[in-house]
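The values are calculated or read from the model by the stated rules, or taken from the named source; none is laboratory data. Worth saying up front: this structure is predicted, and the values here are computed from it rather than measured. So basically every Cβ, Gly included, is an ideal-geometry build from the backbone, and we count neighbours across all protein chains shown. Only protein heavy atoms, including side chains, enter the accessible area calculation; ligands, DNA and RNA are left aside. Shrake-Rupley method; radii C 1.70, N 1.55, O 1.52, S 1.80 Å.
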Amino acid sequence: MSENALVTMLQSLSDVNGTSGDETLVRQTIKPLIKNAVDEMHVDALGNLITFKRGCASNTLRVLVTAHMDEVGLMVTGYTNAGDLRVATIGGINARLLPGLLVTVGEHQLPGVIGIQAIHRAKKESFDKATPVDNLAVDIGATTKDEAERAAPLGTVMTFATRFRDLGYSVRGKAFDDRAGCAILATLLQGERLPFDLYGVFTVQEEVGLRGARVAAYTVDPDVGFALEGTIADDMPKEEKDVSPTTELGKGPAITVKDRSYTTPPRLLCHVLKSAEVENIPHQLKQPGISSTEAGSIHDARGGVPAITIAVPCRYIHSPVALTRRSDLENTLRLVRASIARLTPKTLRLT
Amino acid sequence: MDTTFALLKAFTEAPGPSGYEGTIGNLIAARWKPLVDEIRTDAMGNLIAVQRGTAPEPRPALMAAAHMDEIGLIVIGIEGGFLRVHAVGGIDRRVLLGLEVTVHGKRALPGIIGSRPPHVLSRDERNKTIAWEELFVDIGLPADEVASLVHVGDIVTVERELVELKNRLVAGKALDDRACVAAVTLALEALRHRDHAWDFYAVATVQEEVGLKGAITSAFGLDPQLAIALDVTFGKQYNDTDPGTFDLDKGVVIALGPNFHPQVVARLIEAAQAEEIPFQREPVPGSSGTDAWGIQVAREGVPTSLVEIPLRYMHQPIETAAIDDVERAGRLLASFVARLEPEYRPRWEDER
């Protein structure tokens, strides 16, 4: 799979809209990509797309790999009398990002704008505080509450109106957290059969509590789990020079040692690091203690599952435009493939 | 595509921050050339075009001014491949995060305005409006390439496509004041088919956002008998805390106050009523903060007035206006020009 094919896949996934609980379009985009590469595929009660690719050898491992389809967004919670939409965030969005944005509203993809008091009229005291989401509204051009309600009933969701752009060295677009993970998982599934049974699950509702992965881990009952993510890169200019940068672009896939939701079992961590070494794949360790990921839902499913998160470093996740490097996408795919291909029951001490 | 929308789209999407109006100037010139008798650019970059009138020489001249500059950013430093920037004109820091921009370096470079991720900030800091020192432009290239392609002083403009909302509203960047440049364009088109006695000078002024510079210098150059400035005013929006804003799509706004000659204002109102163009009145007790303020005191003084288009979210990259209001402003200007008699001059009641 060429680097460009991976980028093209990321583009088609990034440009599709799917907030937590409303992942249908993303699922519909993924299905044709892997339909002929997997043996079974079904959608569960929450909307997880669960795929099964039978192993080609007698190795009895059950391996789960997840990547979440949902992105952060906004939901209509009310109206102003003048026809604007009151909203709440779906997943974590820093409110100070919202003013000045263009959003895409609902299934009819209506354009909407989020504006604030003109700078000329803003009160000095309030200028320095970000406006809380409750005090913002989305303007779709409606002139009455009725018109707004007909165009966007309560519960209508909206996403950032960003279009993917290939800058050569880097690529940018919305929802790299976690369409980058989805692109890598889809590519993995399109490849050769592995020696063991592979369950590739495109999960739902990660952004609102790692929910889809919890259900998928129960259903699949795996021996080991890999969560693929697009994670925070903080390699920007900073005052404190000797603090680790969470992750950095260009240094390859970011491997989690421990985050807010789980700790990687040392044997599994060693295995992944060894795989990187053996195959000469650039990689980095994510600064411990930051963010929660699907490995957090997998590791304590049923009686417990060794799990690890491997992520593509991305700047500006949870904002309208994220940025990542082609080389990091490619190297993350290589590391995931190598780590999984080299697994044996012995690695996980299961014999 | 709706032709007024197409016109607004072309004008608003082009780059042209204060002092760097070349690109937008060329675009407007190309559009105006077939509509006018003469067109030129003055020493400051103001675009000046004239449709000659039918009255005998010496023919009086009306100047209509709409500013073509937009607010923007300028590179003030380069740090490890990231660009530090500051404002050109009244940029609103509260809306910068997450914007797509173009850095006009050795070539046009697509960038994003970013900052450090929220998790490294305290809860309080996360909810504060970002400071200039905390944001930067990321063009996604290696540091050494950035250093060779971008220099301190390069300008940066917002990338935002014009979109159409419901009810023929449009949203995008630089509607302040390209919406009025569009209105002037519509007036030029209308006046091709309508006799007018006076010379009609259409001026796309420069550097309004940094001190009305183009208005002051072009008014000196033209020394018109009468001037109308066209700019935007505050549109009514959901979070208005004070009065003094105007409904969109309820008509153009005609300003009243010391910045404007009352007789000219009266004639504007007459023209609006005669042509059934809906309008609203705006009381302006002092400076209008527009080109009108600069034009009024050029040379020996110019009788001036101001026509405005209501605009929501001013100086944010989602400024919103009604297409119909743009068209109304164009019609009002054309109608006003056409009704000017050759011997008319604004005079005070007590003048002989």
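Only one of B:138, B:92, B:69 is at the interface with chain A (Cβ under 10 Å from one of its Cβ atoms) and closer than 29 Å to residue B:216 by Cβ. Can you tell me which?
B:92
Of everything in the stretch B:234-246 that's within 25 Å of residue B:208 (Cα to Cα) and in contact with a Gly (Cβ under 9 Å, 6 or more places away or on another chain), which residue is surrounded by the fewest Cβ atoms within 10 Å (Cβ to Cβ)?
B:245
Mind telling me which of the residues A:166, A:84 ends up being more than 28 Å from residue A:210 (Cα to Cα), open to solvent by less than 20 Å² (accessible area, probe 1.4 Å) and either facing chain B (nearest Cβ under 8 Å) or under 25 Å from the mean Cα position of the chain (by Cα) (or both)?
A:84
Go through the stretch B:272-293 and give me each residue that's under 16 Å from residue B:325 (Cβ atoms) and in a helix (DSSP H, G or I).
B:272
Just checking, does the stretch B:189-209 include any residue being away from every other protein chain (no Cβ under 14 Å) and farther than 26 Å from residue B:335 by Cα?
Looking for residues that are away from every other protein chain (no Cβ under 14 Å) and farther than 26 Å from residue B:335 by Cα, one finds at least one in the stretch B:189-209, hence yes.
Within the stretch B:294-352, track down each residue that is among the aromatic types (Phe, Trp, Tyr) and either touching a Leu at 6+ places or on another chain (Cβ under 7 Å) or within 14 Å of chain A (Cβ to nearest Cβ) (or both).
B:313, B:336
When the stretch B:159-168 is examined, which residues are found to be open to solvent by less than 30 Å² (accessible area, probe 1.4 Å) and more than 9 Å from chain A (Cβ to nearest Cβ)?
Result: B:162, single match.
Within the stretch B:285-292, does at least one residue satisfy the condition of being open to solvent by 40 Å² or more (accessible area, probe 1.4 Å), more than 14 Å from chain A (Cβ to nearest Cβ), farther than 25 Å from residue B:168 by Cα and of a type in the set (D, E, K, R)?
Looking for residues that are open to solvent by 40 Å² or more (accessible area, probe 1.4 Å), more than 14 Å from chain A (Cβ to nearest Cβ), farther than 25 Å from residue B:168 by Cα and of a type in the set (D, E, K, R), one finds none in the stretch B:285-292, hence no.
Taking residue B:60 as the residue in question, decide whether it is facing another protein chain (nearest Cβ under 8 Å) and surrounded by fewer than 24 Cβ atoms within 10 Å (Cβ to Cβ).
No.
Which residue out of A:161, A:137 is touching a Phe, Trp or Tyr at 6+ places or on another chain (Cβ under 6 Å), facing chain B (nearest Cβ under 9 Å) and either under 30 Å from residue A:4 (Cβ atoms) or not polar (S, T, N, Q) (or both)?
Answer to the check: A:137.
Here's a check for you: in the stretch A:294-324, which residue that is within 14 Å of another protein chain (Cβ to nearest Cβ) and open to solvent by less than 10 Å² (accessible area, probe 1.4 Å) is farthest from residue A:253 (Cα to Cα)?
A:320
Please go through the stretch A:100-122 and give me each residue that is at the interface with chain B (Cβ under 8 Å from one of its Cβ atoms), in contact (Cβ under 8 Å) with a residue 12 or more places away in the chain and open to solvent by 20 Å² or more (accessible area, probe 1.4 Å), ordered by number.
Listed by number, the residues that qualify are A:102, A:110, A:111.
Within the stretch B:213-234, is even one residue touching a helix residue (DSSP H, G or I) at 6+ places or on another chain (Cβ under 9 Å) and aromatic (Phe, Trp, Tyr)?
No: zero hits.
Restricting to the stretch B:112-130, count the residues that are within 9 Å of chain A (Cβ to nearest Cβ) and small (Gly, Ala, Ser).
Count: 2.
For the stretch A:229-260, which residues satisfy the criterion of being in contact (Cβ under 8 Å) with a residue 40 or more places away in the chain, surrounded by fewer than 21 Cβ atoms within 10 Å (Cβ to Cβ) and away from every other protein chain (no Cβ under 14 Å)?
none
Can we say residue A:204 is within 12 Å of the chain's Cα centre (by Cα) and either among the hydrophobic types (A, V, I, L, M, F, W, C) or open to solvent by 30 Å² or more (accessible area, probe 1.4 Å) (or both)?
yes
Determine whether the stretch A:171-194 contains at least one residue that is open to solvent by 40 Å² or more (accessible area, probe 1.4 Å), more than 23 Å from residue A:326 (Cα to Cα) and not β-branched (Val, Ile, Thr).
yes
In the stretch B:135-154, what residues are surrounded by fewer than 13 Cβ atoms within 10 Å (Cβ to Cβ), among the aliphatic types (A, V, I, L, M) and part of a helix (DSSP H, G or I)?
Hit for the stretch B:135-154 is B:143, nothing else.
Given the stretch A:94-191, what helices (runs of 4 or more DSSP H) lie entirely inside it while holding 2 or more residues that are over 21 Å from residue B:117 (Cα atoms) and polar (S, T, N, Q)?
A:176-190
Would you confirm, using the coordinates I've provided, whether residue B:171 is open to solvent by less than 40 Å² (accessible area, probe 1.4 Å), modelled with pLDDT of 95 or more and more than 10 Å from chain A (Cβ to nearest Cβ)?
no
Among the residues of the stretch A:318-348 satisfying the criterion of being in a loop (DSSP other than H, G, I, E, B), within 23 Å of residue A:193 (Cα to Cα) and not hydrophobic (A, V, I, L, M, F, W, C), which is nearest to the chain's Cα centre (by Cα)?
Looking at residues that are in a loop (DSSP other than H, G, I, E, B), within 23 Å of residue A:193 (Cα to Cα) and not hydrophobic (A, V, I, L, M, F, W, C), I get A:342.
Scan the stretch B:87-112 for residues that are open to solvent by 20 Å² or more (accessible area, probe 1.4 Å), touching a Ser or Thr at 6+ places or on another chain (Cβ under 9 Å) and in a strand (DSSP E or B) and jot them down.
B:100, B:104, B:108, B:110, listed by residue number.
Can you tell which of A:250, A:225, A:230, A:173 is more than 26 Å from residue B:109 (Cα to Cα) and at pLDDT 95 or above?
After applying the criteria, what remains is A:225.
What single numbered condition from (1) away from every other protein chain (no Cβ under 14 Å); (2) within 30 Å of residue A:170 (Cα to Cα) fails to hold for residue B:18?
Evaluating residue B:18 over (1) away from every other protein chain (no Cβ under 14 Å); (2) within 30 Å of residue A:170 (Cα to Cα) leaves (2) as the failure.
Take the residues of the stretch A:8-48 that are farther than 26 Å from residue A:319 by Cα and among the small types (Gly, Ala, Ser): which is surrounded by the most Cβ atoms within 10 Å (Cβ to Cβ)?
Among residues in the stretch A:8-48 that are farther than 26 Å from residue A:319 by Cα and among the small types (Gly, Ala, Ser), the one surrounded by the most Cβ atoms within 10 Å (Cβ to Cβ) is A:37.
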